[in-house]
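S.K.: Take a look at this one; I'll ask things after.
Each value in this text was obtained by applying a stated rule to the coordinates, not by laboratory testing. In this text the structure is predicted, and so the values were computed from the model without any measurement. Cβ placement follows ideal geometry from the backbone for every residue including glycine, while neighbour counts extend to all protein chains displayed.
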Amino acid sequence: MDFSYSEKEEAFRQEIRDWLAVHSRDLPKWWFDPKLKRPDTDSREYHDFGVWWHKKLYDAGFVGLNWPKEYGGRGATLLEQVVFSEEMAKARVPGITNTIGIGWCGPTIMTYGTEEQKKRFLQPILKADEIWCQGFSEPEAGSDLANCQTKGVQDGDHWVVTGQKVWTSGGHFSDWAILLVRTEPEAPKHRGLTFFLLDMHAPGVTVRPLRQMTGGSEFNETFMDGVRVHKSMMVGERGRGFYVAMGTLEFERSGIGAAIGRENTVEDMIEMAKAMGKNKDPLVRQKMAQLFIEGNVIKYTGLRALSRQLHGMTPGSESGVMSYFGMEWNQRANDFAMQIQGPYARLMRDSSYAIDDGRWQYSFLRSRGNTIETGTSEIKRNVIAQRILGLPRE
Ligand SMILES: Cc1cc2nc3c(=O)[nH]c(=O)nc-3n(C[C@H](O)[C@H](O)[C@H](O)COP(=O)(O)OP(=O)(O)OC[C@H]3O[C@@H](n4cnc5c(N)ncnc54)[C@H](O)[C@@H]3O)c2cc1C
């Protein structure tokens, strides 16, 4: 590992700190105090709060750090992006809101889209004036994404789209979606898909929130019944949608912010254990130290990947290992939080006796999805076995 921050990067750090010192005061009290009631994370109120904070970050020039300047981004260096993630995590303030738009949809449009699409969509994505979601998964297409069955039939200048997507995160607040559609039923399955931009308010689109075990409804079923999509909304070539989608999934954000988030989780857990009089328990101490060690292993693995990138190499095996281990860590940490709480673990936020307004219970239940959402642990292990260990394909 070999890198250090330049003067320019340290100046950027100071700029962020100065901005946060002033503007984090505008955040509601419940953001910082886990004991206070907060709106449900799937509510319109919480969403509007996220958009409000996002726009403040945008006005300060802190949105789209890795986007090129020509598309309204900051064109920041990799290390500036790391500095930003570090400072945001240290200050424990919310991140941006239009994460799928900025992390995946925007970069896909920049890379594969037409000039018209870039002009029409990129700026509203950055400003969170239009919220985006990802319509890839279907009831029979998750890990095996090429199995998408949503059908598109050409009708003049339009494609008529019919089918169902599932697990569409944030679909209930979204204005647009990136969509995989089978347009060539006769072609081999990987070559029969086309990538479209879908207006979520178009006639024939129905979004139905799914109730999760957390009690919230963060993702949805999205039904399309004869939705007319203009041909100008096609991204990339007809029949090449699977490859565009693979490109989309490659746009992964730096994991360094998450590494600091892990340190925050351990710190909060120590506070919780203290408040419950459990911090002197030798088993609790052992386990806390173990989580801290593992958190650091993930962090330094991430920094090694970063160092490789700074020296012109690909992130290498480290990024796959970090993504897998990080998600599994979240689950282990939340399991342990439940163990510390003992009988209190059963109390959710609707109970006035719930510890920290039930935030640990929420995280525990939500963390079940961590080993599924960006590719399941089994699929990630398959990729490591194949690409890193050189084992044969299944
Ligand atoms: C919180 C959350 C948010 C999500 N958000 C979105 C979203 O916004 N948009 C979207 O399109 N999708 C989204 N998804 C869907 C997600 O991408 C899929 O759930 C994921 O790809 C797995 O697909 P699946 O659920 O169909 O499971 P399946 O692919 O059916 O897998 C079922 C089980 O079989 C295992 N398995 C499958 N294939 C193999 C194999 N080859 N080798 C070994 N084991 C295998 C899996 O690991 C898993 O345990 C989200 C999911 C979650 C949990």
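S.K.: For an R0 of 25 angstrom, estimate the FRET efficiency from the Cβ-Cβ distance between GLU237 and GLU140 and round to the nearest 0.05.
M.R.: 0.50
S.K.: Using θ = phi - 60° and the Karplus curve 6.51 cos²θ - 1.76 cosθ + 1.60, what whole-Hz ³J(HN,Hα) does each residue of segment 261-269 get, with Gly and Pro shown as x?
M.R.: Once θ is set to phi - 60°, the couplings for segment 261-269 become x, 5, 4, 4, 4, 5, 4, 5, 5 Hz.
S.K.: So how far apart, in nm, are the two label points at GLN123 and ILE372 if each is 7 Å from Cα heading toward Cβ?
M.R.: 4.0
S.K.: Quick check: the angle from helix 241-250's long axis to the longest principal axis of the chain, C-alpha only, nearest 10 degrees?
M.R.: Once rounded, the angle reads 20 degrees.
S.K.: So, one more: Between the DSSP loop rule and a limit of at most 12 other Cβ atoms within 10 Å, which trypsin sites (Lys or Arg not before Pro) in segment 21-80 are left? It would help to have the intermediate numbers written out before the result.
M.R.: Values: sites: ARG25, LYS29, LYS35, LYS37, ARG44, LYS55, LYS56, LYS69, ARG74; in loops: LYS35, LYS37, ARG74.
Here the sparse-neighbourhood loop sites are LYS35, LYS37.
S.K.: Same structure again: Place a +1 charge on the Cβ of each Lys and Arg in the chain and a -1 charge on the Cβ of each Asp and Glu, then give the dipole magnitude about the Cα centre in debye, rounded to the nearest 20.
M.R.: The dipole magnitude comes to about 660 debye.
S.K.: If the only charges are +1 at each Lys and Arg Cβ and -1 at each Asp and Glu Cβ, what is the size of the charge dipole of segment 7-97 around the Cα centre, to the nearest 20 debye? Could the numbers behind the result be given before it?
M.R.: Details: 15 positive and 16 negative charges, 70 e Å.
The dipole of segment 7-97 has a size of about 340 debye.
S.K.: To continue, here is another question. Collect residues whose amide H, placed 1.01 Å from N in the peptide plane, falls under 5 Å from the amide H of THR150; neighbours closer than 5 in sequence don't count.
M.R.: Answer set, sorted by chain and number: GLN164, ARG182.
S.K.: Now, a different point. Please state the charge dipole magnitude for segment 219-308, taken about the Cα centre, from unit charges on C-beta atoms (+1 on K and R, -1 on D and E), reported in debye and rounded to the nearest 20.
M.R.: With only Lys, Arg, Asp and Glu charged at Cβ, the dipole is about 220 debye.
S.K.: Same structure, new question: Work out the charge dipole of the chain with +1 on the Cβ of Lys and Arg and -1 on the Cβ of Asp and Glu about the Cα centre, then indicate which of GLY342, TRP30, THR265 is farthest towards its positive end.
M.R.: GLY342
S.K.: If you take the beta carbon distance between ARG13 and THR314 as r and set R0 to 22 Å, what does 1/(1 + (r/R0)^6) give as a FRET efficiency, to the nearest 0.05?
M.R.: Once the sixth-power term is evaluated, E becomes 0.25.
S.K.: Within segment 48-143, which GluC sites (Glu not before Pro) sit in a loop by DSSP and count at most 12 neighbouring Cβ atoms inside 10 Å?
M.R.: Filter output for segment 48-143: GLU140.
S.K.: Could you give the length gained on full extension between GLU70 and GLU271, defined as 0.36 nm per residue of separation minus the Cα-Cα distance, in nm?
M.R.: Length difference between fully extended and current span is 67.8 nm.
S.K.: Given labels modelled 7 Å from the Cα in the Cβ direction, how far is it in nm from SER24 to HIS230?
M.R.: In this crude spin-label approximation the distance works out to 4.5 nm.
S.K.: Before rounding to the nearest 500, sum -39500 (n - 2.57) across all DSSP H runs of length at least 4 in the chain and divide by the residue total; then give [θ] at 222 nm in deg cm²/dmol. Please report the intermediate quantities before stating the final value.
M.R.: Values: 13 runs with 174 residues, N = 394.
Computed mean residue ellipticity for the chain: -14000 deg cm²/dmol.
S.K.: Right, another one. Net charge near HIS158: determine it from the other residues with C-beta under 13 Å of the C-beta of HIS158, scoring Lys and Arg +1 and Asp and Glu -1.
M.R.: After counting each charged neighbour, the total is -1.
S.K.: Right, something else. If one takes the longest principal axis of the Cα atoms in the chain, at what angle in degrees, from 0 to 90 and to the nearest 10, does the Cα axis of helix 115-127 lie?
M.R.: 20
S.K.: Rounding to the nearest 10 and keeping the result within 0 to 90°, find how far the Cα-based axis of helix 78-91 lies from the longest principal axis of the chain.
M.R.: Orientation of helix 78-91: about 50 degrees from the principal axis.
S.K.: Anything over 24 Å Cα to Cα? Flag those among LYS29/LYS55; LYS165/LYS231; LYS55/LYS165, in the order listed. Mind showing how you got there, number by number?
M.R.: Values: LYS29/LYS55 19 Å; LYS165/LYS231 20 Å; LYS55/LYS165 29 Å.
Listed pairs above 24 Å: LYS55/LYS165.
S.K.: Right, next: Output ³J(HN,Hα) for segment 279-284: one whole-Hz value per residue in order, computed from phi by the Karplus curve 6.51 cos²θ - 1.76 cosθ + 1.60 with θ = phi - 60°, and x for Gly and Pro.
M.R.: 6, 8, 5, x, 6, 4
S.K.: For the chain, with a Gaussian network of springs between Cα atoms less than 10 Å apart, report the residue from ASP175, ASP18, ASP268 with the top mean-square fluctuation.
M.R.: Of ASP175, ASP18, ASP268, the most mobile in the Gaussian network model is ASP18.
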